[in-house]
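Student: Pasting a structure below so you can have a look.
The values are calculated or read from the model by the stated rules, or taken from the named source; none is laboratory data. For clarity, every value in this text was computed on a predicted model and none was experimentally measured. A quick note on method: Cβ atoms are made from the backbone with ideal geometry, for glycine too, and the neighbour counts reach across all protein chains shown. Side chains included, ligands, DNA and RNA excluded: accessible areas come from the protein's heavy atoms. Shrake-Rupley method; radii C 1.70, N 1.55, O 1.52, S 1.80 Å.
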Amino acid sequence: MELGRPGSGKRRLRDLLLQKDNRFCADCRALDPRWASSNIGVFICLKCCGVHRSLGSHISKVLSVTLDEWNDDEIDAMIEIGGNNSANAIYEAFIPEGYSKPGPDATHEQRSKFIRSKYELQEFLKPSLRILSNSDKSNVQANFASKVMNSFRSNSSQKSHLQKGMVEFLGLLKVKVIKGTNLAIRDMMSSDPYVVLTLGQQTVQTGIIRSNLNPVWNEELMLSVPQAFGTLKLQVYDYDTFTADDIMGEAEIDLQPLITSAMAFGDAGMFSNMQIGKWLKSHDNALIGDSTVNIVDGKVKQEISLQLQNVESGELDLELEWMPLGQ
């Protein structure tokens, strides 16, 4: 398989693999995975690949990204799922508090126990997607994938997309910037901080709070979410009257767990309060701790605490809310 052939499905697969969240194994976070489970929609390392093969192809169909032939349906399914973060937002939505995923150096036994719990026993799936009868077990992944795919397609077909120029939007994102803690000093003794959020070509910002390293904004900002939404970029600045504003830290927010979970559930108003997804803290994101996606009073929300990057100090607390079109 020549992964880089221009215009081929293999190039589409390569482009998906190059996304940030797919540069690490979905199960153990090992760098540079070269295998995939085509029906689950995740990229995995060689060690985890061996466990996936032992599950059987009815649960996980393992293919080499570089050596095996992929058909268009397999590539389309991988792209539609969206990669490791999208899949993990559902497959790992209910990992118990304090439970540790295996790392790149985990033993085969540790790796095998986690992968079987995740995919074969469905222990971390949200209850509505679990297939419990033994007779259905052989089709668990096909049925699960079908449920997730159908939820994405029905959300897309039943609601007209918000139009803005030539860009189609999936919905709206309400970001409540709550507070900052121990922000960096950029003036003599303090700073005048404000927060800038960027999603695609859109930029919004909070008001300026004067002379405060622990500002409380409680300010709501609204952004339209395009189909190819990428990460939400956050920057904190110190306002200066006569010179350019000074940067006080930055962070990126992965929106996949929120949006994937929200679209898989559909109308959140039909469900009681519950957790439906999770964004896990890792060494390559700015999370202070795991961030759960929850249905709260019929709304899909996610509380996030971030350690600001590329700065000496500073934390920021936010709340995201997904607002489907027509709400």
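Student: With respect to the numbered conditions (1) at negative phi; (2) touching a residue at least 24 places away in the same chain (Cβ under 8 Å), which one is the sole condition not fulfilled by ASN310?
Tutor: With respect to (1) at negative phi; (2) touching a residue at least 24 places away in the same chain (Cβ under 8 Å), ASN310 is out only on (1).
Student: Identify, from the list LYS281, LYS301, the residue that is surrounded by 19 or more Cβ atoms within 10 Å (Cβ to Cβ) and within 14 Å of the chain's Cα centre (by Cα).
Tutor: Of LYS281, LYS301, the one residue that is surrounded by 19 or more Cβ atoms within 10 Å (Cβ to Cβ) and within 14 Å of the chain's Cα centre (by Cα) is LYS301.
Student: Are any residues in the stretch 170-196 modelled with pLDDT of 95 or more and either open to solvent by less than 10 Å² (accessible area, probe 1.4 Å) or touching a helix residue (DSSP H, G or I) at 6+ places or on another chain (Cβ under 8 Å) (or both), and if so, which ones?
Tutor: Answer for the stretch 170-196, where residues must be modelled with pLDDT of 95 or more and either open to solvent by less than 10 Å² (accessible area, probe 1.4 Å) or touching a helix residue (DSSP H, G or I) at 6+ places or on another chain (Cβ under 8 Å) (or both): VAL175, VAL177, GLY180, LEU183, ALA184, SER191, PRO193, VAL195.
Student: Oh, and also: Does VAL225 satisfy being more than 22 Å from PHE124 (Cα to Cα), open to solvent by less than 20 Å² (accessible area, probe 1.4 Å), touching a Gly at 6+ places or on another chain (Cβ under 7 Å) and modelled with pLDDT under 95? Explain how you work it out, then say what you get.
Tutor: Numbers: more than 22 Å from PHE124 (Cα to Cα): yes; open to solvent by less than 20 Å² (accessible area, probe 1.4 Å): yes; touching a Gly at 6+ places or on another chain (Cβ under 7 Å): yes; modelled with pLDDT under 95: yes.
Here the answer is yes, as VAL225 does meet what is asked.
Student: Can you name every residue in the stretch 209-253 that is charged (D, E, K, R) and out of contact with any strand residue (DSSP E or B) (no Cβ under 8 Å at 6 or more places or on another chain)? If you could, list the steps in order and put the result at the bottom.
Tutor: Quick first cut of the stretch 209-253, residues charged (D, E, K, R) only: 210, 219-220, 233, 238, 240, 245-246, 250, 252.
Of everything in the stretch 209-253, just one residue is charged (D, E, K, R) and out of contact with any strand residue (DSSP E or B) (no Cβ under 8 Å at 6 or more places or on another chain), namely ARG210.
Student: On to the next question. Out of GLN235, GLN256, which single residue is in contact with a helix residue (DSSP H, G or I) (Cβ under 7 Å, 6 or more places away or on another chain), in the same structural domain as SER313 (by the TED database) and open to solvent by less than 60 Å² (accessible area, probe 1.4 Å)?
Tutor: From the options GLN235, GLN256, the qualifying one is GLN256.
Student: Does the stretch 72-98 hold any residues that are without any contact (Cβ under 8 Å) to a residue 40 or more places away in the chain, closer than 21 Å to CYS45 by Cα and not charged (D, E, K, R), and which are they?
Tutor: none
Per-residue answers, yes or no, for (1) at pLDDT 90 or above; (2) at negative phi; (3) open to solvent by 10 Å² or more (accessible area, probe 1.4 Å):
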position: LEU3; (1), (2), (3): no, yes, yes
position: ARG14; (1), (2), (3): no, yes, yes
position: ASN22; (1), (2), (3): yes, yes, no
position: CYS25; (1), (2), (3): yes, yes, no
position: ARG29; (1), (2), (3): yes, no, yes
position: ALA36; (1), (2), (3): yes, yes, no
position: ILE44; (1), (2), (3): yes, yes, no
position: SER54; (1), (2), (3): no, yes, yes
position: SER57; (1), (2), (3): no, yes, yes
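Student: Also: In the set SER211, SER146, which member is outside the structural domain of VAL236 (by the TED database), at pLDDT 55 or above and surrounded by fewer than 17 Cβ atoms within 10 Å (Cβ to Cβ)? Before you say what the answer is, go through the steps one by one.
Tutor: Working: SER211 fails: outside the structural domain of VAL236 (by the TED database).
Unique residue meeting the criteria: SER146.
Student: Go through the stretch 238-253 and count every residue that is among the β-branched types (Val, Ile, Thr), open to solvent by less than 50 Å² (accessible area, probe 1.4 Å) and more than 16 Å from VAL177 (Cα to Cα).
Tutor: So the count comes out to 0.
Student: Considering only the stretch 298-311, I want to know if a residue exists there that is closer than 15 Å to ASN85 by Cα, part of a loop (DSSP other than H, G, I, E, B) and not basic (Lys, Arg).
Tutor: no
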